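Written out below as structure tokens is the structure these notes cover.
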Amino acid sequence: MLPDYYQLLGVDMNADLSAIKQAYRRQIAQHHPDKQGSDEQALLLNMAYETLKNPAKRASYDAKFAQFHRQRRLYQAGQRLYHSAWQLGHFAKTCAKKLWQHLPSSPILDEIHAQNAELGVCVIDLCTAYQGGVVLMNGQKIALPKGLSDGDVIDVGVEKFKIHIRQKDIKVHGKDVHYLLWLDEKMLSCGLVDLPKPWSLQLKLPANTSLPASITLSGRGIDDGQEAGDLMIYFNAK
């Protein structure tokens, strides 16, 4: 589901950059580790701030956000009308089918449909998403391919499972991976940050890095063999 970044920060859609910065600083302070904050919420706040402070990213997000909610309203209207058809008779059923046929096919609509379907959930970590592997579901071993994204649906015989990538400080949107890192003074002074598997990289921070900060590593996101996403790392003071 596409998150509402404006609601996360507590600003309206017409908020300027100054208001967005103030809201971000206020919200991120509440979710700091020293205050027993939620790392998952802090990561979402960083994603929201990184998107809304950039005019191009914000415009793209606004367009996707409007499309998502427009198609969700159409989908829900179609569902309500179709479910009412059994009581309203043949005429309503015909109208419902016509409305359903006019709904465009899109990845966004597929995501909404998957959210409403009763699917089992297959929970995996990021390494399995990147590299594939064998997992146990309902007593049977399932071989998963590499390059899986959060929300992907896999067929296993007569069953379908929805992939959920669960790992602390990490969110996956499409092929892009968002990773939250809390840095202490020692890490900042050293200037070197080790990234765990599946990356196994060592990053050198620019001198005099001020927090919060972020970097994007192109092509280091999830790769399904046809397309590779990006890895976005958000640094905050521990």
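The values are calculated or read from the model by the stated rules, or taken from the named source; none is laboratory data. Keep in mind it's a predicted model, so treat the numbers as computed, not measured. Every residue, glycine among them, receives a Cβ derived from its backbone with ideal geometry; neighbour counts consider all protein chains shown. Accessible surface areas use protein heavy atoms only, side chains included; no ligands, DNA or RNA. Shrake-Rupley method; radii C 1.70, N 1.55, O 1.52, S 1.80 Å.
Taking each residue of segment 177-206 that is open to solvent by less than 30 Å² (accessible area, probe 1.4 Å) and looking for partners that are among the charged types (D, E, K, R) and assigned to a strand (DSSP E or B) with beta-carbon atoms closer than 9 Å, six or more apart or interchain, yields V177/K171; H178/K171; Y179/K171; L180/K171; G191/K204; V193/K204; L203/D194.
Listed by first and then second residue, the pairs linking a residue in segment 128-151 that is at positive phi to a residue that is of a type in the set (V, I, T), with Cβ atoms under 6 Å apart and 6 or more places separating them unless they lie on different chains, are G147/I222. Given the condition at pLDDT 85 or above, under 20 Å from the mean Cα position of the chain (by Cα) and β-branched (V, I, T), answer yes or no: does some residue in segment 177-198 qualify? Yes, there is a match, as at least one residue in segment 177-198 is at pLDDT 85 or above, under 20 Å from the mean Cα position of the chain (by Cα) and β-branched (V, I, T).
Assess whether G229 counts as being of a type outside the set (S, T, Y), more than 25 Å from A29 (Cβ to Cβ), open to solvent by less than 50 Å² (accessible area, probe 1.4 Å) and touching a Lys or Arg at 6+ places or on another chain (Cβ under 6 Å). Considered against the rule, which asks whether it is of a type outside the set (S, T, Y), more than 25 Å from A29 (Cβ to Cβ), open to solvent by less than 50 Å² (accessible area, probe 1.4 Å) and touching a Lys or Arg at 6+ places or on another chain (Cβ under 6 Å), G229 comes out as yes.
Of the set (1) part of a strand (DSSP E or B); (2) at pLDDT 90 or above; (3) open to solvent by less than 30 Å² (accessible area, probe 1.4 Å), all apply to T216 but (3).
Answer yes or no: is there a residue in segment 153-172 that is outside any loop (DSSP other than H, G, I, E, B), open to solvent by 60 Å² or more (accessible area, probe 1.4 Å) and hydrophobic (A, V, I, L, M, F, W, C). Within segment 153-172, one or more residues are outside any loop (DSSP other than H, G, I, E, B), open to solvent by 60 Å² or more (accessible area, probe 1.4 Å) and hydrophobic (A, V, I, L, M, F, W, C). Note on segment 110-151: residues that are open to solvent by 50 Å² or more (accessible area, probe 1.4 Å) and modelled with pLDDT of 85 or more amount to 11. The helices (runs of 4 or more DSSP H) found entirely in segment 1-83 that carry 3 or more residues being under 21 Å from K238 (Cβ atoms), open to solvent by less than 20 Å² (accessible area, probe 1.4 Å) and at pLDDT 90 or above are 39-52.
Within segment 118-145, the set of residues being within 18 Å of the chain's Cα centre (by Cα), outside any strand (DSSP E or B) and not β-branched (V, I, T) comprises D125, L126, C127, A129, Y130.
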